[in-house]
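Structure first, commentary second.
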Amino acid sequence: MTKPLEGIKIIDFTHVQAGPACTQLLAWYGADVIKVERPGAGDVTRSQLRDIPGADALYFTMLNSNKRSLTLDTKTAEGKEVLERLIKESDVLVENFGPGALDRMGFSWDRIKELNPGMIVASVKGFSDGHHYQDLKVYENVAQCAGGAASTTGFWDGPPTVSAAALGDSNTGMHLAIGILTALMARTKTGKGQKVAVSMQDSVLNLCRVKLRDQQRLDRVGYLEEYPQYPHGKFTDVVPRGGNAGGGGQPGWVLKCKGWETDPNAYIYFTIQGHAWAPICKALGREEWIDDPAYNTAEARQDKIFDIFAIIEDWLKDKTKFEAVDILRKYDIPCAPVLSMKEIANDPSLRASGTVVEVDHKVRGKYLTVGSPIKFSDMTVEVTGSPLLGEHTDEVLAQLGYSKDQIAAMHQAKVV
Ligand code: COA
């Protein structure tokens, strides 16, 4: 079976996480992704946070599966010539260098267009073009702070907090993948390539859309009824941190279960969905609340929502998080156990769906990675091990038309 992106050739000039997450996704779906890396060094994540001496670190292997690796010094004349050939034959060039690096290398958008008018050049930067911070180099947490996530995450009596989820990095990569696929669709109509740019700040903000919603509601009415600060606490003129509050119209909170004193993840998330009030009362054995006007509307419950959560916690104290969810799911109550990474790694459902997969690597052996979160009825996504540094250099150069002698000379001169 052919894969949907088979025949699409991608020059993968990415490093660290944001760019590699994007190109890995496209490689899973069939694109030929050629990762271009500096000879002798490669992507910095190959050696960052190493757990096995001499083997590529998991940081690298988990973001670069299904790719080929070409080492190339693109600052040498010979290296530039190889890159030019590659550009002429490729469909997409993806990069997440610091601002201006591609131009300094001699490959401005104008130059690339001249070499290949069908080329799509896709870039990740910290801030968008023309932004007053456009010259800044940016990593994950910087973007989370600039995109509104940190100021709205955490508890009201603590500092701004970053999320463990890679909102700045992998999330930006996913936005870029959508941009690339859109530009590829556009090219089928126009025959022309284009520049696709995604900033990490914008991608974080896109996920913080509801917080911009809240800012405008706060400006208008002075309070936000779904936040724990309502009705007893005080609001200022900025969206506050809401702890574990629901965020939408459904109040929710993280609640302790049996064993929380020793297990840091013995919790569930419990949502009081409006129309599930009667089932919640039945599950808790509080049927008298179903028709009680002091409880039977969301508005009536608002000022005692934490008392209600305390009663639910009391009900949870002799149940593990899994037992609790098994009871609550029968009542159609939106809830889930707080899962640790260890539980996720061993979850049979995640293994069966291919979301957590075991992959073989030539040097490190077997390791776990996150497979495609997108499932297709006509394609099973196969995740293969990440390439060793320069593993496909000779193969790629030969495909570009270089002879064995020319390739040997490039090795000799450390161009590859
Ligand atoms: N051959 C020769 N030179 C190469 C090369 C190759 N194959 N690949 C990269 N380089 C050079 C670049 O030309 C550039 O040189 P220059 O600065 O002299 O022009 C340099 O290596 C790379 O610079 P840069 O990307 O700025 O690396 P850095 O380690 O200083 O910064 C980041 C890292 C991530 C902070 C920066 O790349 C960045 O801000 N990227 C955009 C946002 C982003 O993606 N952040 C990370 C998210 S995980």
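The values are calculated or read from the model by the stated rules, or taken from the named source; none is laboratory data. What you see is a predicted model; the values in this text were computed from it and never measured. Positions of Cβ are generated from backbone atoms using ideal geometry, with glycine treated the same way; all protein chains shown enter the neighbour counts.
Take segment 348-395 and flag every residue that is of a type in the set (A, V, I, L, M, F, W, C), under 20 Å from Y29 (Cα atoms) and out of contact with any Ser or Thr (no Cβ under 8 Å at 6 or more places or on another chain).
Residues satisfying the conditions are L350, A352, L368, I374, F376, M379.
Can you say whether A27 is within 12 Å of the ligand (Cβ to nearest atom), part of a helix (DSSP H, G or I) and of a type in the set (A, V, I, L, M, F, W, C), as far as the supplied structure shows?
no
Can you name the residue in segment 246-265 that is outside any strand (DSSP E or B) and touching a strand residue (DSSP E or B) at 6+ places or on another chain (Cβ under 7 Å) and, of all such residues, is modelled with the lowest pLDDT?
It comes out as G246.
Inside segment 31-72, can you point out the residues that are assigned to a loop (DSSP other than H, G, I, E, B) and surrounded by fewer than 18 Cβ atoms within 10 Å (Cβ to Cβ)?
Residues satisfying the conditions are R38, G40, A41, S47, Q48, L49, R50, D51, I52, P53, G54.
Given segment 125-227, what helices (runs of 4 or more DSSP H) lie entirely inside it while holding 3 or more residues that are within 11 Å of the ligand (Cβ to nearest atom)?
Counting at least 3 such residues, we get 140-146, 170-190, 200-207.
Go through (1) without any contact (Cβ under 8 Å) to a residue 60 or more places away in the chain; (2) of a type in the set (D, E, K, R); (3) more than 10 Å from the ligand (Cβ to nearest atom) and name the single condition R38 misses.
Status for R38: all satisfied but (3).
Would you check which residues across segment 338-381 are small (G, A, S) and part of a strand (DSSP E or B) and list them?
Across segment 338-381, the qualifying residue is only G365.
Looking at (1) assigned to a loop (DSSP other than H, G, I, E, B); (2) surrounded by fewer than 18 Cβ atoms within 10 Å (Cβ to Cβ); (3) modelled with pLDDT of 95 or more; (4) under 27 Å from the mean Cα position of the chain (by Cα), can you tell me which one D318 breaks?
(4)
Hey, does segment 29-38 have a residue that's within 18 Å of V370 (Cα to Cα) and in contact with a His (Cβ under 7 Å, 6 or more places away or on another chain)?
no
Determine the pairs where a residue that is touching a residue at least 40 places away in the same chain (Cβ under 8 Å), located within segment 294-314, has a partner that is part of a helix (DSSP H, G or I) with Cβ atoms under 6 Å apart, the partner being 6 or more residues away or on another chain.
Pairs found: A298/G274.
Output the qualifying pairs, or none if there are none: Cβ atoms under 7 angstrom, residues six or more apart or on different chains, first residue in segment 69-94 and outside the structural domain of T393 (by the TED database) and more than 12 Å from M105 (Cα to Cα), second residue crowded, with 22+ Cβ neighbours inside 10 Å and aliphatic (A, V, I, L, M).
none
So which pairs qualify, if the first residue must be in segment 113-138 and of a type outside the set (V, I, T), the second must be surrounded by 14 or more Cβ atoms within 10 Å (Cβ to Cβ) and part of a strand (DSSP E or B), the Cβ gap must be under 6 Å, and the two must be at least 6 apart or on different chains?
Every condition considered, the pairs that remain are A122/V94; A122/V196; S123/E95; S123/A197; K125/S199; F127/S199; S128/S199.
Working carefully through the options Y331, Y402, Y367, find the one that is closer than 30 Å to I272 by Cα and among the aromatic types (F, W, Y).
The unique qualifying residue is Y331.
Kindly indicate whether V396 is assigned by the TED database to the domain that holds Y29 and in a helix (DSSP H, G or I).
yes
Within segment 366-394, track down each residue that is surrounded by 13 or more Cβ atoms within 10 Å (Cβ to Cβ) and among the charged types (D, E, K, R).
Those that are surrounded by 13 or more Cβ atoms within 10 Å (Cβ to Cβ) and among the charged types (D, E, K, R): E382, E391, D394.
Could you identify the single residue in L207, L218, L212, L284 that is in contact with a Phe, Trp or Tyr (Cβ under 6 Å, 6 or more places away or on another chain) and of a type in the set (A, V, I, L, M)?
Result: L284 is the single residue among L207, L218, L212, L284 that is in contact with a Phe, Trp or Tyr (Cβ under 6 Å, 6 or more places away or on another chain) and of a type in the set (A, V, I, L, M).
Among (1) within 8 Å of the ligand (Cβ to nearest atom); (2) within 14 Å of I10 (Cβ to Cβ), where does R104 come up short?
Unmet condition: (2).
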